Structure formats: C-alpha cells, structure tokens
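The values are calculated or read from the model by the stated rules, or taken from the named source; none is laboratory data. This structure is a prediction, so every number in the text was calculated from the model and none was measured. Cβ atoms come from the backbone with ideal geometry, glycine included; neighbour counts cover every protein chain shown.
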Amino acid sequence: MIEKDTTTLKQYTTPLSRSIQEQYAISPDHYRGDVKLGLRNSDGTGVLVGVSKVGSVQGYLMQDGQRIPAPGRLYYRGIELTDIVEAHRSAGTFGFEEVAYLLLMGYLPSRSELAYFDKIMNQARKLPEGFTEGMIMRHPSHNIMNELARSVLSLYSYDPDPDNTSIDNMLLQSVKLIGYFPSIVANAYAVQRHYFHGDSLHIHFPVPELSTAENFLRMMRPDKSYTDEEAHLLDMMLMVHAEHGGGNNSTFVCRAMSSSGTDTYSAIAGAVGSLKGPLHGGANAKVMEMFRYVKENVDPHDDGSIRDYLNKLLDKQAGDRSGKIYGLGHAVYTMSDPRAVLLKKYAQRMAELKGYADDFALLQKVEEIGIPLVMERKGSDTPMCANVDMYSGLVYTMLGIPEEVFTPLFASARIAGWCANRIEEVVTCHRIMRPAYRAVTTHEHYVPMEQRGEHLHLTSAE
C-alpha cells in the first residue's frame, strides 16, 4: 500500500521538481565576506561558537595568526586519549566504561566508583520489557541508523519523567542510553537480517559481568562466541570514537537541540540522524566501498599502478565518480589523526591473525601515495593525514561486523560524548542557539491569481 501511494504521489511531484532548481540555487558570490559557509572560516577552521570542558581536538598551533601543523591530539576531560588507551592495553582491561564515566562525571573513577558504575551499566543494558518485540521486531528497517533514531525517540514513552532537565535526571537518562545503544543495534541487525534476508532470528540478551565490547560481540554473533583479543580491539574502537569535541556535526546538532530546552531523547535522536550522513559517521563505509574498487583495479605490489588508479579517482573517472579519496584529510588534524595512529598500531596483529594482512598493507599504500596526490591537486603544502575512517572500516570487517552496522556501532560509542555535551549545554549555556542567514531574495509584490503566468507546462497525463 505504501509503495502504491508513493508511486501515485511521485506522478504529481515529478513535474513540480523540474522547475525547483532555479528557485533554490544561490550563487557562490553570496557566500563571500562575512558569511561563513558551513560554519567554516576562510582558512577552513570552524567558527568558534562556544567553550567546553568535555573534549578537545588539537591538530595545529596558532602562531602570529597562522596555523602551524602539529601532531594530532585528542583529549577527554583534559586527559589524552592515547594515554587512556595505552593504559588499558598494557593492563589488559576494558576501558570504554571508564571513558564513559570520565566524560559524564568529569574525572577518572576510583576502583570502587568504577565498580559501582559498572553495576549501574549492567542494569542499563537490558532494554525495557517488550521493547524489542514491540518497537524493533514489529517495525523492521532497511537502515539500522533509522531504526536506532526511532528507538531512541520511542524510549521517551518508557521514561516516567522524560522532560525533566535536572542534572540527576539527565545523568540517569544518559547512563540508560549508553547501556541501551549496543543492545538496540544488535537486535535491530538481527531483525533486519531475518525479515529482509531470510536469516534465522537470533536475539541474545546482555550478560551482566561482561563489558560493553564483549556483550556487543556476543549479541551480534549467532553462536555468541568471540575471542578476548577481538573484544579488546573492539573496546579500543569504542574508546576512540566516544568523543570528538563539540564542533563535530552530530555533537553540534545535539547541543543545538539541547539549547532549545528539548528532552534528552529528541536531542540524541537528532545526533543519530546527523551521524548517519556519509560525510560524517557513514564515511568509513565509503572508504570500504572505495577500497573494493582499488583492490579490483590495481596491482598491490606496484606503486605506479596504485598511483594511476588514485589519480583516476581524483579525476572522477573511477569509483563513485566523486573525485575523492575517502579517508584522507580532516577539518582539524594536519600531521596525524591520533585515532588512526592507534588503529594502525593495534589492528596490525588482528589483520595477520584474520588473513587481512595484504588488505591492511594496501590501505597503508593508499594513504602513503594518496596524500601527496591530494595535496598537489589542492596546491597546498599544509600536511595532510589519514583520518580514523581510513582504517576503522577494515578493523570492523576483521571483527566480522557487517558494513550496515559500522555507523550504528560508531553511535554506540559516541553516545557517551553526546550525553556529556548535552548536560554541559543545558547546565552552562541557558541560551538557545540562533545563527543567522542572510536573505538574498528580491522583494516582490503579491500577484492576484488571474494575473499570474505559467511556470510549468503540465500535460493532461500529469
């Protein structure tokens, strides 16, 4: 019935859409001067719209008004992400729960505080009674990010005090959402595979004594099995993606919506919708799509063959014809993306164990050869680096995580940062975000119906 209604409506909207381009098109000339297209300054830096204690992204130094490239650094509450990851890798412990505590509370927990938080998280991972059956199984979706956003909005109905924006209530909602997200994603994937691909339906419940990473792998796999090394690698991925400053698109959406005084579920659903975009959270899937084209068309042992194909990508003669080498470059990082550095360091062994060593080596070649090509095309001598998306897709693939789950899993980590940024926005700002747009239309008079001309030439069939 829905398909039939859509086809009928399309018969009416198609002729209307033919003339819409000229009504919406705006000349690039209007974006000169003080208009900040995409909230970017002329040098590519983001327009400064606020301050934050939650996360800090540093990729260059400012000296005499000029950007000086520097190794990338990412801080969570003032603590460098690399130090957090290295500490847990050395100790053989899981770190995502500690990162979530740090982002929410503002300080590292003691042993007893972390144990108490883990206990709360164990309770939070279990979805409300009947939620999976009523919200996920009855309304399967082709896209898990849309399923996730709808599920978040529906959780409003399960909250006895959803509009309360006191700190204690927002903290309670945040902990629940951090616990819920992996369960929603795993269940939504199982339902999607069952209804759209004919797979057997396997729904696994989270186990209290396991970490977020262990539970996610257990819930995703029909046989519930995983190795300790797989779980620790996924745990690192969750830590790496948990926060990235208030200026990234999804966090900014969350903060902008929170500034209006709306409820937690609406603000987080908005962030999920933003992260779905291929220019944001969906970028790692675009890297993997590009990488498949590369593998099919190059000799991995011939740098010249790789260079020639990358030039074809940039010339819009290959791949998706976008003219991009996905995974290269970043809005802030110049010399390096610390997240990509960590992934390359700790994913190498998994690549060898899982039979992806050749793929990993080829991806590194794409990075090494592609960076100077892109810099040459841009006529820039500013250092460029691979971003986290260059390697995260391959890491997820090595862990047996399907492509349609890449971005939802990203969201399952970033929910910690979203919630921390939301609380900060509500507690400290007290003013709705309201950027301005300059109107570039000419003033027109209202024309009576009998005096109007035809803009469309509709046929009788239309």
Condition broken by L103, with the remaining ones in (1) at pLDDT 95 or above; (2) under 19 Å from P206 (Cα atoms) satisfied: (2)
Checklist (1) assigned to a loop (DSSP other than H, G, I, E, B); (2) under 26 Å from G38 (Cβ atoms) applied to Q317, failing item: (2)
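Among residues belonging to segment 313-322 that are free of Cβ contacts under 8 Å to residues at least 60 places away in the same chain and surrounded by 13 or more Cβ atoms within 10 Å (Cβ to Cβ), point out the one that is nearest to E376 (Cα to Cα).
The first filter runs over segment 313-322 and keeps only residues free of Cβ contacts under 8 Å to residues at least 60 places away in the same chain, leaving 313, 315-322.
Now narrow it down to the ones that are surrounded by 13 or more Cβ atoms within 10 Å (Cβ to Cβ): 313, 318-320, 322.
Numbers: L313: 14, A318: 19, G319: 20, D320: 21, S322: 18 Å.
By that ranking, first place goes to L313.
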Of the criteria (1) closer than 21 Å to V99 by Cβ; (2) at pLDDT below 95, which one I423 fails: (2)
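Suppose the filter is within 18 Å of the chain's Cα centre (by Cα) and among the hydrophobic types (A, V, I, L, M, F, W, C); does M237 pass it?
Details: within 18 Å of the chain's Cα centre (by Cα): yes; among the hydrophobic types (A, V, I, L, M, F, W, C): yes.
Against the criterion (within 18 Å of the chain's Cα centre (by Cα) and among the hydrophobic types (A, V, I, L, M, F, W, C)), M237 qualifies.
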Criterion: modelled with pLDDT of 95 or more and in contact with a Phe, Trp or Tyr (Cβ under 8 Å, 6 or more places away or on another chain) - qualifying residue of D163, D159: D159
Residue within segment 112-135 that is in contact (Cβ under 8 Å) with a residue 40 or more places away in the chain, surrounded by 18 or more Cβ atoms within 10 Å (Cβ to Cβ) and under 19 Å from C254 (Cα atoms) present: no
Every residue from segment 88-111 that is among the hydrophobic types (A, V, I, L, M, F, W, C), surrounded by 14 or more Cβ atoms within 10 Å (Cβ to Cβ) and either over 22 Å from the mean Cα position of the chain (by Cα) or not in a helix (DSSP H, G or I) (or both): F94, M105, L108
Test set (1) under 22 Å from the mean Cα position of the chain (by Cα); (2) over 23 Å from H88 (Cβ atoms) - N215 fails condition number: (2)
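Among the helices (runs of 4 or more DSSP H) confined wholly to segment 186-282, which include 2 or more residues that are in contact with a Cys (Cβ under 9 Å, 6 or more places away or on another chain) and on the phi < 0 side of the Ramachandran plot?
249-258, 264-275
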Test for T382: is it part of a loop (DSSP other than H, G, I, E, B) and assigned by TED's automatic domain parsing to the domain that holds L343: yes
Check on L37, of a type in the set (A, V, I, L, M), over 30 Å from H232 (Cα atoms) and over 24 Å from the mean Cα position of the chain (by Cα): no
Segment 183-212: number of residues that are farther than 20 Å from G92 by Cα, among the hydroxyl-bearing types (S, T, Y) and at pLDDT 95 or above: 2
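For segment 46-62, give me each residue that is assigned to a loop (DSSP other than H, G, I, E, B), without any contact (Cβ under 8 Å) to a residue 40 or more places away in the chain and either on the phi > 0 side of the Ramachandran plot or touching a strand residue (DSSP E or B) at 6+ places or on another chain (Cβ under 8 Å) (or both). Lay out the reasoning, then the answer.
Taking segment 46-62 as the starting set, the residues that turn out to be assigned to a loop (DSSP other than H, G, I, E, B) are 47-54.
Narrowing the set further to residues that are without any contact (Cβ under 8 Å) to a residue 40 or more places away in the chain leaves 47-48, 51.
Across segment 46-62, the qualifying residue is only V47.
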Residue count, segment 421-446 (criterion: on the phi > 0 side of the Ramachandran plot and surrounded by 10 or more Cβ atoms within 10 Å (Cβ to Cβ)): 0
Residue, farthest from L238 (Cα to Cα), within segment 74-105, restricted to residues that are in contact with a Gly (Cβ under 8 Å, 6 or more places away or on another chain) and in contact (Cβ under 8 Å) with a residue 24 or more places away in the chain: R77
Given (1) part of a loop (DSSP other than H, G, I, E, B); (2) charged (D, E, K, R); (3) under 27 Å from the mean Cα position of the chain (by Cα), index of the condition E454 fails: (3)
In segment 323-347, residue surrounded by the fewest Cβ atoms within 10 Å (Cβ to Cβ) [restricted to those that are assigned to a helix (DSSP H, G or I) and of a type outside the set (G, A, S)]: K345
Contacts under 8 angstrom Cβ, first residue in segment 301-312 being over 14 Å from A361 (Cβ atoms), partner of a type in the set (K, R), 6 or more apart: none
Some residue of segment 20-30 being assigned by TED's automatic domain parsing to the domain that holds I178 and exposed (fewer than 10 other Cβ atoms within 10 Å of the Cβ): no
Candidate set: segment 154-189, residues that are of a type in the set (A, V, I, L, M) and surrounded by fewer than 17 Cβ atoms within 10 Å (Cβ to Cβ); chosen: the one nearest to I120 (Cα to Cα): L171
